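Quick notes on the structure that follows.
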Amino acid sequence: MTAVAPDSIQTPNQPAADRPAWWPAVGETAREFPVTRLETLAGAIPEGLRGRLYRNGAARLERGGRRNGHWFDGDGAIAAIAFHQDDSGTYATATQKFVKTSGYIEEERAGTLLYGNYGTTAPGAFWNRWLRPVKHSANTSVLALPDRLLALWEGGAPYSLDLETLATRELDTAISESSYSAHPKRDPQTGEIFNFGVVPGANTALMLYRHRADGTPIDRQAHPLSELGLSGLPMLHDFVLAGSYLVFCVPPVSANPLEVVAGLKTYGESMVWSGNRATTILVFDRETLELVARGETGPWFQWHFANGFVDGSGRIVIDLACYDDFTTNEFLRQVSQGAIETEASARLERITIDPTSGRCLDRETRIDRRCEFPVVAPRAVGGETETVFVTTHRPEGQPFGDLFGAIARYDVNPDCLTVLDCGDRVYPSEPIVAPGAGESDWLVFPVFVAAACRSEVWIASADRLEEGAVCRLALPEVVPIGFHGTWQAG
């Protein structure tokens, strides 16, 4: 297949001059659309590509003249891009729907924002800040089960949706009655699903979950933070499945729950970075969900891990996008306002841990350039892999305040970075690996093409990323530059 480059079609829907080029895909409210057959702009869909890409992200940051205070607070919308085959050949369809949470429905009826959130203060009188709960945004990630799709969010149980129509069903308390994180890990050998949640209260606890492949619970364990040597409400967004272990790196940033409950500050405002404290490493047994080791090391912050595994000498090895501090929180807040003044840069690091003591044995920088959203192929989760995919800046650099403009593959052996430059003012979302039927896997991801003010779906060979996209498909509406997604084969 021949790689194709984005065109430069101009439309009247150009971004406003005082907003960044990516603004329509972040700050403007997304529009729903029904299942629609996609037009092929260039190239062709690879033969054998079957399944669905599900994407989640903040798709509405304003209502009734009121604006959310943080990117994390927008109402979630799911985009589903499906690849089919019939007598005419391979084709793709797509649909996009908001997750109709109870808070979304209430605000839709009222025509204005009613709730506070991670970085948004509830409107109205002071007491309204603590009388109203934080709104469930259902905007961070997705988990595809055989009979339903889960819209995941940090602060509560997931919402259940129809796999094909994306119609919202209900709050899914069957899988969790409380916090269920946006980063579950699925063991590629057993199909088991592991996840966690931080459950605040008089004795705030780290809850660990173990489910069968269909979401049926196997076990769950609550670990009070006080017994883990932690205090406050820590910022925990992701963890690692590494062989027989579940690993958490708890950075020295936490909120004061009393400030939040009293309505004095939002969660985001209450989060304080303490650079004189350590990052805490917690190692749990994946079978029993019991703590087996606790260690401390120099401070860092991370949102996302790529993967983890146990090497030949029994040590735990993890790859992650590592920040020096928590300025990333302010950067993400500024994204939601369309005016970035704070730079926050993560680099891909590899960290080696002693599973018997939790001690950090080694830290090594793998990609010494700004990158985020590290992912691996689904079959590699929890096991050793030499390839990590990330979003990053274009090779020649991008203006200050710009979002990522390239996708890259990092190979451990040989130590090599291969970059797919998406082009001027073209913004990719997190790349998702779709297992291929032949010699190569595929990366499938939406991009926002600012010059045309439209979204597209790009497909690239995971093994030949330098060749660029082998297929570009036009989406009927803008799909937000969201957070996370998943691939469901079939």
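To one decimal place, what Kirkwood hydrodynamic radius in Å is obtained for the stretch 346-484 from all pairs of distinct Cα atoms? Evaluated over the stretch 346-484, this radius sits at 16.0 Å.
Summing +1 for each Lys or Arg and -1 for each Asp or Glu among the other residues whose beta-carbon sits under 15 angstrom from that of ALA59 gives 0.
Projected label points at GLU343 and LEU264, each 7 Å from Cα along the beta carbon direction, are separated by 3.5 nanometres. Within the stretch 122-230, the chymotrypsin sites (Phe, Trp or Tyr not before Pro) that combine a DSSP coil assignment with at most 13 other C-beta atoms in a 10 angstrom radius are PHE126, TRP127. Within the straight-line cut-off of under 28 Å between alpha carbons, the lysines reachable from LYS97 are LYS135, LYS185, sequence neighbours fewer than 8 places apart in one chain being disregarded.
Using a probe of 1.4 Å on the protein chains alone, the accessible area found for ARG363 is around 90 Å². Sorting VAL26, VAL272 by solvent-accessible area of protein heavy atoms yields VAL272, VAL26, largest first, with a 1.4 Å probe.
Taking every Cα-Cα distance in the chain and sorting them into 20 Å bins starting at zero, the pair-distance distribution P(r) comes out as 24, 61, 15, 0 percent. Remark: the ARG212-GLU386 segment gains 59.9 nm on full extension, using 0.36 nm per residue and subtracting the alpha carbon distance. Look at where the Cα atoms of the stretch 246-265 and of the stretch 185-216 average out, and the two centres are 20 Å apart.
May I ask you to list the GluC sites (Glu not before Pro) in the stretch 343-405 that are in a DSSP loop and have at most 16 other Cβ atoms within 10 Å of their Cβ?
Values: sites: GLU343, GLU349, GLU364, GLU372, GLU384, GLU386, GLU396; in loops: GLU343, GLU384, GLU386, GLU396.
Counting only loop positions with at most 16 other Cβ atoms within 10 Å, the GluC sites (Glu not before Pro) in the stretch 343-405 are GLU343, GLU384, GLU386, GLU396.
Here the chain has 48 percent of its accessible surface on carbon and sulfur atoms, given a 1.4 Å probe and all protein chains in place. Taking the convex hull of the alpha carbon positions in the stretch 244-344 and averaging its projected area over all directions gives 8.6 nm².
Accessible surface comparison of LYS97, LYS135, LYS265, probe 1.4 Å, protein chains only, largest first: the order is LYS265, LYS97, LYS135.
Taking all protein chains together and a 1.4 Å probe, the residues VAL479, VAL134 rank VAL134, VAL479 from largest to smallest accessible area. Spin-label model, ARG277/GLU466: points 7 Å from Cα along the beta carbon direction are separated by 4.6 nm.
Placing a pseudo-label 7 Å from each Cα along the Cα-to-Cβ vector at HIS84 and ALA110 gives an inter-label distance of 4.0 nm.
The accessible area of MET271, taken with all protein chains in place and a 1.4 Å probe, comes to roughly 20 Å².
The values are calculated or read from the model by the stated rules, or taken from the named source; none is laboratory data. Since the model is a prediction, treat every value here as computed from it, not as a measurement. A quick note on method: Cβ atoms are made from the backbone with ideal geometry, for glycine too, and the neighbour counts reach across all protein chains shown. Heavy atoms of the whole protein, side chains included, go into the accessibility calculation; ligands, DNA and RNA do not. Shrake-Rupley method; radii C 1.70, N 1.55, O 1.52, S 1.80 Å.
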